[in-house]
Amino acid sequence: MKTVPTIAAARAELKARRTGTIGLVPTMGALHAGHLALFQAAREECDTVVASLFLNPAQFNNAADLAAYPRDEARDAALAEEAGVDILFAPAATELYPTGFATWIEPAGVAEGLEGAYRPGHFRGVATVCVKLFSIIQPDIAYFGRKDAQQVAVIKQVVRDLNLPLEICVVPTVRDSDGLALSSRNVRLSPEDRATALAIPQALATHDPDAARRVLTAAGIEPEYVAIADLDGPTLAVAATVGSTRLIDNVLL
Ligand code: AMP
């Protein structure tokens, strides 16, 4: 695996590989088995697998959340290499957002409501960084997790609306054996918080917003939203803060 910190180095590394298919897996690091499932899907389908490791400040609407986000680049690089990633694009924030950066992708439509309502500017940051990554890497296929269902719907909308020449591949949510969806933020849950958080997958298993709300309330969780929406398919989605950690999860109905 080759780690490249600059756009120029990524482009140079990819130049000789353009005859084959290129798969891109965007990540913010703190890798877990959910990310590894995306790497594996890309490895099976593409000649070259590129992973990006970039904690995108533009998609954080909460400075404390960004500051507390787990980071371990050496561990992430080892996991990516083990998973068969060929190129790890790990730029500094100033590489993607140099002084004077002033052009943003503003997704509307499916980006409104749910995460869009509770995290103002979040999808603007997601859409902008993804379009930049698509422009830099020029993948044939980009891989996203179903865990972030609204993100998948937003990215598919952006790709369609801007006629971007790539395919979006969606990978099912990877869960712990007890049902909790894997997330980089799970390391911030205390053992008690983690036990409480299990009410989230249990609520989703009801496939019903009212029943889901009751399951969450019984566990002492006050959700931000429990909603059915068309997020790349009919979806029951939940967001809730457990302890001080905000979690999202969803199930395809
Ligand atoms: P992140 O590093 O959190 O931005 O996530 C990078 C990619 O991994 C996104 O496409 C996520 O949807 C995906 N992802 C995160 N957690 C999971 C999971 N538990 N199962 C499947 N994909 C996931």
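The values are calculated or read from the model by the stated rules, or taken from the named source; none is laboratory data. Everything numeric here is computed off the predicted structure, so don't read it as measured data. Cβ: placed from backbone, ideal geometry, glycine included. Neighbour counts: every protein chain shown. For accessibility, only protein heavy atoms count, side chains too; no ligands or nucleic acids. Shrake-Rupley method; radii C 1.70, N 1.55, O 1.52, S 1.80 Å.
Computed quantities for the displayed model
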{"quantity": "The chain - percent relative contact order, Cα under 8 Å, separation 6 or more", "calculated": "19"}
{"quantity": "Fully extended contour minus Cα-Cα distance, from residue 19 to residue 193, at 0.36 nm per residue", "calculated": "57.8 nm"}
{"quantity": "Protein accessible area in the chain, 1.4 Å probe - carbon and sulfur %", "calculated": "53"}
{"quantity": "Paramagnetic label zone (point 7 Å from Cα along Cα-to-C-beta, residue 224; backbone N under 17 Å) in segment 239-253", "calculated": "239-251"}
{"quantity": "Size of charge dipole - the chain - debye, nearest 20, with Cβ of Lys, Arg +1 and Asp, Glu -1, no other charges", "calculated": "400"}
{"quantity": "Computed helical MRE - 222 nm, the chain, DSSP H runs ≥ 4 contributing -39500 (n - 2.57), nearest 500", "calculated": "-10500 deg cm²/dmol"}
{"quantity": "Segment 199-251, relative contact order [Cα under 8 Å, separation at least 6], %", "calculated": "31"}
{"quantity": "Gained length - residue 61 relative to residue 92, 0.36 nm times residue gap less alpha-carbon distance", "calculated": "9.2 nm"}
{"quantity": "Segment 49-74 residues near the modelled residue 103 label - backbone nitrogen below 19 Å, point 7 Å along Cα→Cβ", "calculated": "58-59"}
{"quantity": "Area of residue 217 that stays accessible when all protein chains are in place (1.4 Å probe, Å², to 10)", "calculated": "90"}
{"quantity": "1.4 Å probe accessible area per residue over segment 108-190, in Å²", "calculated": "40"}
{"quantity": "FRET efficiency for residue 75 and residue 162, using Cβ-Cβ distance with R0 set to 41 Å, rounded to 0.05", "calculated": "0.75"}
{"quantity": "Cross-link reach list, lysines versus residue 15, counting only Cα pairs under 23 Å and skipping chain neighbours closer than eight places", "calculated": "2, 132"}
{"quantity": "Candidate aspartates and glutamates - alpha carbon under 19 Å from residue 147, same-chain residues fewer than 8 apart omitted", "calculated": "65, 112, 115, 167, 176, 178, 208, 224, 230, 232, 249"}
{"quantity": "In order through segment 47-57: 3J(HN,Hα) via Karplus (6.51 cos²θ - 1.76 cosθ + 1.60), integer Hz, x for Gly, Pro", "calculated": "6, 10, 10, 10, 10, 10, 10, 8, 7, 6, x"}
{"quantity": "Calculated over the chain: convex hull of Cα atoms, volume per residue (Å³)", "calculated": "122"}
